[in-house]
Ligand code: DMJ
């Protein structure tokens with residue numbers, strides 16, 4: 001599947017950001033500020049770990065010869081960080097090849113002006129040429145988004161480590177400082193914060209879109225620090241406790257889910273994006289004392305099972321973008337606009353973590369169901385495409401092979417079916433785009449190993 005996705009991208013769209021597999025051309029879009037080759041950078045480490053050597057060399061050559069960082073355009077700070085910086089760093093750590101490190105550092109420098117705000121909380125959009133930055137037009141009152149400024153920590157620590165320049169680490173430590181001091185309603189973190197005043201702009205809380213990877217990066221920062229970053233662990237534990245208390249619910253049919261919160265009122269829906277949380281909670285549970293460990297492992301398994309239900313209850317066996325738990329609907333999309341599937345990874349991501357942490361065969365079975373459904377409904381003549389409605393066996397295609405399909409969905413499926421020592425969870429943390437970053441094992445460092 002990876003070879004098919006890559007070969008078609010290479011044939012029809014090399015150098016563009018994504019492949020359009022029906023029209024057999026490339027898509028550039030406006031998320032990466034003039035940067036090109038998002039699929040190349042997102043695919044590099046997956047090609048490498050799958051030992052697709054020729055294909056990896058093709059991708060590497062494109063980076064060496066054609067990856068141009070002197071661009072002028074409006075980029076999402078978050079997307080450039082998780083896909084480009086994350087992909088380049090991971091490939092550098094896997095291969096030791098300098099080109100990936102130098103491109104990551106050069107690109108990292110271009111992101112720094114986004115942090116020039118009164119609080120140091122970066123704005124969401126940056127022009128990579130001029131360094132001008134601003135907030136998303138759709139974000140209320142010029143605010144910055146929790147999942148965006150809260151998803152820089154892992155990559156920025158590595159940028160400082162590799163460059164010897166502390167500025168990257170200082171930027172993310174300052175974000176942490178602002179967040180640890182600000183008052184949290186009921187212990188929860190709202191999704192919109194003003195980069196000018198450092199206070200919340202709106203009380204919408206979500207473990208799915210707009211909030212998701214902020215929580216993920218707290219627990220992973222602690223793991224990546226070889227469990228030294230106790231501040232991150234405490235913030236994660238406290239946040240999870242508030243989530244358990246206020247957002248975790250059980251449906252009439254017995255399905256556990258995490259609701260969204262709007263100024264104290266619950267919205268009983270889960271987005272596909274929120275389905276990563278089964279894996280995150282299981283990962284965090286490994287390091288909790290006895291009773292909490294068991295409770296969190298159960299919660300992780302229940303959420304993952306609910307997400308599996310959202311797949312199992314559809315005609316295609318692929319899950320919708322969002323599903324609801326209002327009376328009469330259980331883990332299904334009730335709105336037309338929520339019925340699509342765009343090759344997202346979060347559900348198989350949780351299967352991978354739960355498999356590695358419990359070895360219960362059901363997670364492999366569920367992963368295999370996804371493989372079969374992808375082959376049946378998303379594979380088209382020239383690549384893989386998202387579908388517009390998971391509730392019909394004759395879905396139309398959206399003509400887009402997302403770069404995260406190669407970075408995440410196929411990588412997590414691969415890891416679900418190989419030995420646990422391939423990118424072992426003892427040695428690596430995955431950034432939110434599934435790019436592996438090494439855990440900073442201090443005992444090895446003390447023993448003189450790099
Ligand atoms: C990816 O880019 C990342 O997983 C991000 O955290 C959320 N959205 C997509 C995949 O769905």
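Table for the structure above
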{"quantity": "Relative contact order, percent, the chain [alpha-carbon distance under 8 Å, six or more residues apart]", "calculated": "15"}
{"quantity": "FRET efficiency for residue 362 and residue 7, using Cβ-Cβ distance with R0 set to 56 Å, rounded to 0.05", "calculated": "0.95"}
{"quantity": "Translational diffusion coefficient (Stokes-Einstein; Kirkwood radius from C-alpha pairs) of the range 349-410 at 25 °C, 0.890 mPa s, in µm²/s", "calculated": "191"}
{"quantity": "Extension reserve of the residue 141-residue 245 stretch, reckoned as 0.36 nm per residue once the Cα distance is removed", "calculated": "34.5 nm"}
{"quantity": "Relative packing of peptides 197-205, 32-40, 357-365, 297-305 - highest average C-beta neighbours within 10 Å first", "calculated": "32-40, 297-305, 197-205, 357-365"}
{"quantity": "Residues residue 396 and residue 24, FRET efficiency given R0 of 25 Å [Cβ-Cβ distance, rounded to 0.05]", "calculated": "0.90"}
{"quantity": "Model label zone, residue 227; criterion: amide N under 19 Å from point 7 Å along Cα-to-beta-carbon; scope the range 280-319", "calculated": "280-297"}
{"quantity": "Length-normalised contact order of the range 167-258 in % [C-alpha pairs under 8 Å, at least 6 apart]", "calculated": "19"}
{"quantity": "Translational diffusion of the chain, µm² s⁻¹ [Kirkwood Rh, Cα pairs; Stokes-Einstein; 25 °C; 0.890 mPa s]", "calculated": "111"}
{"quantity": "Where a label projected 7 Å from the Cα of residue 371 along Cα→Cβ would reach, residues of the range 318-350 with amide N under 19 Å", "calculated": "318-319, 343-350"}
{"quantity": "270, 31 arranged by Cβ crowding within 10 Å, fewest neighbours leading", "calculated": "31, 270"}
{"quantity": "Rg/Rh ratio calculated on Cα atoms of the range 147-267 (Kirkwood radius)", "calculated": "1.01"}
{"quantity": "Selected from 87, 263, 319 as most flexible by GNM, with the chain as the system and alpha-carbon contacts under 10 Å", "calculated": "263"}
{"quantity": "Reference-scaled alpha-carbon Rg (2.2 N^0.38 Å with N residues) for the range 1-124", "calculated": "1.08"}
{"quantity": "Alpha carbon convex hull of the range 244-292, projected area averaged over orientations, nm²", "calculated": "4.4"}
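Rule-based calculations on the coordinates, nothing more; no lab input. This is a predicted model, so every value here is computed, not measured. Note: ideal-geometry Cβ built from the backbone for every residue, glycine included; neighbour counts use all protein chains shown.
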